[in-house]
1. In whole percent, what relative contact order does the chain give with Cα contacts below 8 Å and a gap of six or more residues?
2. I'd like the GluC sites (Glu not before Pro) in the stretch 69-153 restricted to DSSP loop residues with at most 12 other Cβ atoms within 10 Å, sorted by number.
3. What angle, in degrees between 0 and 90 and rounded to the nearest 10, separates the Cα long axis of helix 17-27 from the longest principal axis of the Cα atoms of the chain?
4. For a footprinting-style exposure proxy, rank R101, R123, R57, R4 by other Cβ within 10 Å, fewest first.
5. Note the full-extension length gain between E8 and E183 as 0.36 nm times their separation in residues minus their Cα-Cα distance, in nm to one decimal.
6. In Å and whole numbers, how far do the C-alpha atoms of the stretch 1-111 stretch along each principal axis, longest first?
7. Which angle between 0 and 90 degrees, to the nearest 10, do you get for helix 103-116 versus the longest principal axis of the chain when only C-alpha atoms count?
8. Quote the Stokes-Einstein diffusion coefficient, in whole µm² s⁻¹, for the chain, based on the Kirkwood radius over alpha carbon pairs, a temperature of 37 °C and a viscosity of 0.692 mPa s.
Amino acid sequence: MTRRFTGEKLVIASHNQGKVREIGELLAPFGAHAVSAAELGLDEPAETETTFSGNARIKAHYAAEQSGLPALSDDSGIIVDALDGAPGVFTADWAETPQGRDFPMAMKKVWDLLEAKQAPEPRTAHFNATLCLAWPDGHDEIFEGQVFGRIVWPMRGKNGFGFDPVFLPDGKTQTFGEMDPAEKHGMSHRAIAFAKLVEGCFA
């Protein structure tokens, strides 16, 4: 039996304002007022785990402990089968540069590695999103969502973010980067994880 969220205020354990806004809108119908970790002046803890759930737990528990409020975190990435699961939990790290994150560079790195390995088509991959809802007393609930597809090249579309322009979901003709955002949000890994979260803790 999962623990229900019964408060009014929820900390989104992220400094990404786009993610905070998206999560806040998803949770608004359930009476949860979302406030970001950045608004509360919280630091970003080091993500030292090697799994999505491990890093999601670090972020959520840190925010819950520091704020005294329930906190929700999201850890996500893309897993490319022919690269033995890389970049995986290090998806954002692959885009890091001294000037900030450069995802076109990261996407080209993935494609170049696939080419170097002469990976056969289809070059299968999946996105994973892991949500952790943690309370100040140390309790947490974990929810995961996945969407499967393949890596394509060249990059296609200006919508979305991260690796969306090179990810073609199974059964679709448009990459996440080409899709109307509403269509993507209806089927994405994050949407699947959120549906589980809402059913388990908010509905």
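1. Contact order relative to length: 18 percent.
2. In loop regions of the stretch 69-153 (DSSP not H, G, I, E or B), there are no sparsely surrounded GluC sites (Glu not before Pro).
3. So the helix axis and the longest Cα principal axis differ by about 60 degrees.
4. Final ranking by Cβ density, sparse to dense: R4, R101, R57, R123.
5. Stretched out fully, the E8 to E183 stretch lengthens by 60.0 nm.
6. In descending order, the Cα extents are 45, 36, 26 Å.
7. Helix 103-116 sits roughly 50 degrees off the main axis of the chain.
8. For the chosen part, D equals 187 µm²/s.
Read-outs throughout are calculated quantities, based only on the coordinates presented, and are distinct from any laboratory measurement. All figures in this text were calculated on a predicted structure; none of them were measured in a lab. Quick reminder, even Gly has a Cβ in these numbers, built from the backbone with ideal geometry, and neighbours come from all protein chains shown.
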